[in-house]
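Student: Next up is a structure, given as structure tokens.
Taken together, the values in this text are just the output of simple stated rules run on the coordinates, not laboratory data. No experiment lies behind these values; they were computed from the predicted model shown. Reconstructed Cβ throughout: ideal geometry from the backbone, glycine too, with neighbour counts over all protein chains shown.
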Amino acid sequence: MRPLFLMFVLIFHFSVSAASIVESVVANMNDRAITYTELLQEGELLNIENNVPPETPQSPDLKEKTLNLIMFRIIVFEEARDQNVTVDEEVVRQKVVTYMSNVYMKDFLKKYEITPLEFTTMIKMRLIADKMTELFLKKRFRDKTPNADEKKKAVEEWQKNLLKKQKLVLYSIP
């Protein structure tokens, strides 16, 4: 009876341990997994940017938009690297300082165990995506000054076209 009990305890221990490290994958793009934690993290950071408490829940529609934004930033970051598009390190540093002044930031970084280097990289990716978007809009509207709706529509179309070119598998978002 004792060996059976010991075996049960070991199986239970390993199944509980394994369950605690399993991460839910919400998408796979070009063999790069995008996890639910990344989706939650990005959603909370977007909340912080909009001065909303980070734990404010996202609707399913907003989670989908956030996932598309994550995928877009990954694609654009790779394109920027290929085109040698960068942002000034001082601009990145200043943006990090601005983010760090937000009342929610320290708890956010602690919650997700984000190191200063990881956070700086996140901000750099955002700035590079913004720069690539600006370059796209300049190229797209060379001869005209677009209004906000035209810009928004052009960027949405660009994002969709970029996503179509990817090897993409989407899973259900919890």
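Student: Can you tell me which residues in segment 51-69 are free of Cβ contacts under 8 Å to residues at least 60 places away in the same chain, under 19 Å from MET122 (Cα atoms) and in a helix (DSSP H, G or I)?
Tutor: Within segment 51-69, LYS65, THR66, LEU69 qualify.
Student: Taking the stated definitions as given, is THR56 surrounded by fewer than 16 Cβ atoms within 10 Å (Cβ to Cβ) and polar (S, T, N, Q)?
Tutor: yes
Student: Scan segment 88-98 and give yes if some residue there is without any contact (Cβ under 8 Å) to a residue 60 or more places away in the chain and outside any helix (DSSP H, G or I), otherwise no.
Tutor: So far as segment 88-98 goes, yes, one or more of its residues are without any contact (Cβ under 8 Å) to a residue 60 or more places away in the chain and outside any helix (DSSP H, G or I).
Student: Which condition from (1) under 18 Å from THR35 (Cα atoms); (2) in a helix (DSSP H, G or I); (3) of a type outside the set (Phe, Trp, Tyr) is the one that THR120 breaks?
Tutor: THR120 satisfies all of (1) under 18 Å from THR35 (Cα atoms); (2) in a helix (DSSP H, G or I); (3) of a type outside the set (Phe, Trp, Tyr) except (1).
Student: Looking at segment 29-43, which of the residues that are touching a Lys or Arg at 6+ places or on another chain (Cβ under 8 Å) and not in a loop (DSSP other than H, G, I, E, B) is surrounded by the fewest Cβ atoms within 10 Å (Cβ to Cβ)?
Tutor: MET29
Student: How many residues are aliphatic (A, V, I, L, M) and in a helix (DSSP H, G or I) when one looks only at segment 99-117?
Tutor: 4
Student: Now for a different question. Within segment 118-131, is there a residue that is of a type in the set (Ser, Thr, Tyr), within 17 Å of the chain's Cα centre (by Cα) and under 23 Å from LEU168 (Cα atoms)?
Tutor: no
Student: Do we have PHE136 as in contact with a helix residue (DSSP H, G or I) (Cβ under 8 Å, 6 or more places away or on another chain), assigned to a helix (DSSP H, G or I), in contact (Cβ under 8 Å) with a residue 60 or more places away in the chain and surrounded by 10 or more Cβ atoms within 10 Å (Cβ to Cβ) here?
Tutor: For PHE136, the condition - in contact with a helix residue (DSSP H, G or I) (Cβ under 8 Å, 6 or more places away or on another chain), assigned to a helix (DSSP H, G or I), in contact (Cβ under 8 Å) with a residue 60 or more places away in the chain and surrounded by 10 or more Cβ atoms within 10 Å (Cβ to Cβ) - is not met.
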